[in-house]
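J.: I'd like to ask you about the structure that follows.
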Amino acid sequence: MIWRKEMLNKSLLVSFSIFLVLMIFTSSIKHKTRSLEKNINEINKEVVILKKQLKDEETDFIYLSSPAQLKKYSEILGTKNYYPYDQSRIFESTDAFLIQSSKETRLIKRALNEKRE
């Protein structure tokens, strides 16, 4: 009987220890998950705000850069010589502008090097 009682106490102690360890482990994982969810929600809020700002800026750009609007501004400012840009000077993106700029820079450097020689 004593042997059985000791065995029961041992198994109860082991079970309780395992339960306690798993409970602490679960609690820490839950806390970390909650922190991650808060961070994700904050980032999602920032993304929504930035998307709205981008949409507003795109609308402003389209409106302000339309030919009719530009002509109106030139009349208001009293600019008599309003010349639209040549189509080749209008870039579709900043990447296209940077590529063109780097090509021009290389050509200028090459011309300067040829003059020096």
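The values are calculated or read from the model by the stated rules, or taken from the named source; none is laboratory data. Computed from a prediction, not measured in an experiment: that's the story for all the values here. FYI the Cβ positions are ideal-geometry reconstructions off the backbone, even for glycines, and counts take in every protein chain you see.
J.: Going residue by residue through the range 76-88, is there one that turns out to be assigned to a helix (DSSP H, G or I), in contact with a helix residue (DSSP H, G or I) (Cβ under 8 Å, 6 or more places away or on another chain), among the aromatic types (Phe, Trp, Tyr) and at pLDDT below 80?
T.: The answer is no; no qualifying residue exists.
J.: Still on this structure, please answer the following. Checking residue 20 against (1) surrounded by fewer than 10 Cβ atoms within 10 Å (Cβ to Cβ); (2) among the hydrophobic types (A, V, I, L, M, F, W, C); (3) at pLDDT 75 or above, which single condition isn't satisfied?
T.: Against the list (1) surrounded by fewer than 10 Cβ atoms within 10 Å (Cβ to Cβ); (2) among the hydrophobic types (A, V, I, L, M, F, W, C); (3) at pLDDT 75 or above, residue 20 comes up short only on (1).
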